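The values are calculated or read from the model by the stated rules, or taken from the named source; none is laboratory data. Please read all numbers here as calculations on a predicted model, not as lab measurements. Virtual Cβ from ideal backbone geometry, glycine too; neighbours counted across all protein chains shown. Side chains are part of the model used for accessible areas, which takes the heavy atoms of the whole protein and leaves out ligands, DNA and RNA. Shrake-Rupley method; radii C 1.70, N 1.55, O 1.52, S 1.80 Å.
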Amino acid sequence: MNTKLRCLLLDDELPGLTYLRMLCEQIPGLEVVKAFNDPVKLMQASETLDFDLCILDIEMPGLNGLEVAGLLKGKPVIFITAYKEFAAEAFDLDAVDYIRKPIQKERLEKAITKAAKLIEKGKTEKQFMQLNTNKGKALVAFDQLLLITSAEKEKRDKVAYLENGTEITLKNISFEQLLTLLPAENFCRISKRDIIALKAIRFFTHQEVTTNIFTESTDKELVITLGDNFRKEFLEKVSG
């Protein structure tokens, strides 16, 4: 699974929640952002948490899983339940999958792979991302974006280099968040401080990447060091 997924977990029974978290932590490419045993607390926290997917039980007191899914504003969900009678309602909500308890790791992994493909397809079909910038909210088109690098003064900010030669500052966003928004087949992180569009690469070695980007401060092509921790993924992407 190439797509890095961040998930929330919800099960009102603590033993079941603990077991679900243990299984999720064994699946490569899946990160558990937070686990909840109370649906109301999940809903309260969901407004501020960065996540791609929710894996949740259906039968719970108060808000049940079907109601929670309907309130998650279109986030993909995988339902887990001991009861088969909820299947039709689950798929009416366009659930990614519906898993019967007791959960098997292989069955959960299959559902996660399915979710990753759907999420990646959605990113590919979308042509832009909405971000907070130094000029206000902006729609940043993927096909106009060449490079995102760390800002010099404020590390939570990033500088985006666009195809038309302009630069904009992306406010208070992490590289991890950006990678969940960008189409993975067109972009790659190449160092702790840089994400590059593959079309912006002119030459590369095992140590550095020469781009076709000319910055405002120099009339030379921008050259970026290729980080050791990012070399393997970079070489896989440029080799197709």
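Taking first residues from the stretch 152-166 that are within 17 Å of residue 138 (Cα to Cα) and without any contact (Cβ under 8 Å) to a residue 24 or more places away in the chain and partners that are open to solvent by less than 60 Å² (accessible area, probe 1.4 Å) and small (Gly, Ala, Ser), the Cβ contacts under 7 Å between residues at least 6 apart in sequence or on separate chains come to 157/151; 158/150; 158/151; 159/151. Within the stretch 22-37, the set of residues being surrounded by 15 or more Cβ atoms within 10 Å (Cβ to Cβ) and out of contact with any helix residue (DSSP H, G or I) (no Cβ under 9 Å at 6 or more places or on another chain) comprises just one member, 33.
Of all residue pairs spaced 6 or more apart or on separate chains, those with beta-carbon atoms under 9 Å, a first member in the stretch 111-130 that is under 13 Å from residue 187 (Cβ atoms) and a second member that is of a type outside the set (S, T, N, Q) and part of a helix (DSSP H, G or I) are 123/142; 123/181; 129/123; 129/142; 129/178; 129/181. Residues in the stretch 188-217 that are under 20 Å from residue 170 (Cα atoms) and of a type in the set (Val, Ile, Thr): 190, 195, 196, 213, 215. Those strands (runs of 3 or more DSSP E) of the stretch 1-112 in which at least 2 residues are within 27 Å of residue 174 (Cβ to Cβ) and modelled with pLDDT of 85 or more, considering only elements entirely within it, cover 5-10, 30-36, 53-57, 77-81. Residue 115 - would you say it is at pLDDT below 85, in a helix (DSSP H, G or I) and on the phi < 0 side of the Ramachandran plot? It is false that residue 115 is at pLDDT below 85, in a helix (DSSP H, G or I) and on the phi < 0 side of the Ramachandran plot. Number of residues in the stretch 41-71 that are open to solvent by 50 Å² or more (accessible area, probe 1.4 Å) and β-branched (Val, Ile, Thr) equals 1. With respect to being out of contact with any Ser or Thr (no Cβ under 8 Å at 6 or more places or on another chain), crowded, with 17+ Cβ neighbours inside 10 Å and either more than 30 Å from residue 65 (Cα to Cα) or not aromatic (Phe, Trp, Tyr) (or both), residue 145 fits the description.
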